[in-house]
Amino acid sequence: MSSGAPSGENCLVDMDSKAGDMFGSEDAHPTGTGGAGILAKLWLPKGFSISMAKEWIDRRRLSIRPWAGFVDQRKFSKPRNFGEMCQRMVKNVETFNSNYTFIFLGLILYCIISSPMLLIALAVFLGAFYIIHLKSLESKLVILGKQLTVPHQMGLAGAVSLPVFWLAGAGAAVFWVLGATLFVIGSHAAFRELEGSDMEELLMEPV
């Protein structure tokens, strides 16, 4: 008497195929972006993926100027006048924009790590957004006759976690990060001498 259940090698093949469907299929991700392994189960918002973030970071890393030259004290001097300072700031921001980006991200990371309450507030925000996003995947969320898009979901999660951010002093942290970033980047861009190619470009510009 035969049965529909697989046996022997057929059973192993069937199990392997099911595992492949669960962890390697593009359909495993509800947003249709695909994914590798268990990361596809994270259900990231549509239009965003871990690979996109990694690609952006890789592009920035490739355009970073050597840090040894970035902080070389021999390359720093006081600008002769206000016009030269402005020229330095414009050109140095263009030259070292990737270095400045990582400095900004580093200051944000330091601010978050050094403030346990801010970490809790950030976890509350991410948790609220994740729950709202999962609910929107199960059924459309409609408020005041309008369907909630991903930006709306983030705004709703922000409203839910706003009291926690207020208790954590998020406003002061934001102003600290912006102030520290402007001070560090502004000082470096103003006192860092221009590269040789930048100097030649300025000399060639019509007066």
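Brief remarks on what is shown
- Verdict on LEU62 being of a type in the set (A, V, I, L, M, F, W, C), at pLDDT 75 or above and open to solvent by 90 Å² or more (accessible area, probe 1.4 Å): yes
- Some residue of the stretch 142-164 being crowded, with 17+ Cβ neighbours inside 10 Å, out of contact with any Asp or Glu (no Cβ under 7 Å at 6 or more places or on another chain) and at pLDDT 90 or above: no
- Residues that are hydroxyl-bearing (Ser, Thr, Tyr) and in a helix (DSSP H, G or I), drawn from the stretch 90-129: THR95, SER98, TYR100, THR101, TYR110
- Residues of the stretch 65-75 satisfying the condition of being open to solvent by 80 Å² or more (accessible area, probe 1.4 Å) and either part of a loop (DSSP other than H, G, I, E, B) or in contact with a helix residue (DSSP H, G or I) (Cβ under 9 Å, 6 or more places away or on another chain) (or both): ARG65, PRO66, TRP67, VAL71, LYS75
- Scan of the stretch 185-207 for residues that are open to solvent by less than 70 Å² (accessible area, probe 1.4 Å), modelled with pLDDT of 60 or more and out of contact with any Leu (no Cβ under 8 Å at 6 or more places or on another chain), ordered by number: ILE185, GLY186, SER187, HIS188, ALA189, ALA190, ARG192, GLU193, GLU195, GLY196
- Members of the stretch 81-140 found to be out of contact with any Lys or Arg (no Cβ under 8 Å at 6 or more places or on another chain) and of a type in the set (S, T, N, Q), listed by number: ASN81, GLN87, ASN97, SER114, SER115, SER136, SER139
- The stretch 153-186 - residue that is of a type in the set (Phe, Trp, Tyr) and in contact (Cβ under 8 Å) with a residue 12 or more places away in the chain and, of those, farthest from THR101 (Cα to Cα): PHE165
The values are calculated or read from the model by the stated rules, or taken from the named source; none is laboratory data. The model shown is predicted, which means the values in this text are computed figures rather than measured ones. Every residue, glycine as well, gets a Cβ built from its backbone with ideal geometry; the counts of neighbours run over all protein chains shown. Calculation scope for accessible area: heavy atoms of the full protein, side chains included, ligands and nucleic acids excluded. Shrake-Rupley method; radii C 1.70, N 1.55, O 1.52, S 1.80 Å.
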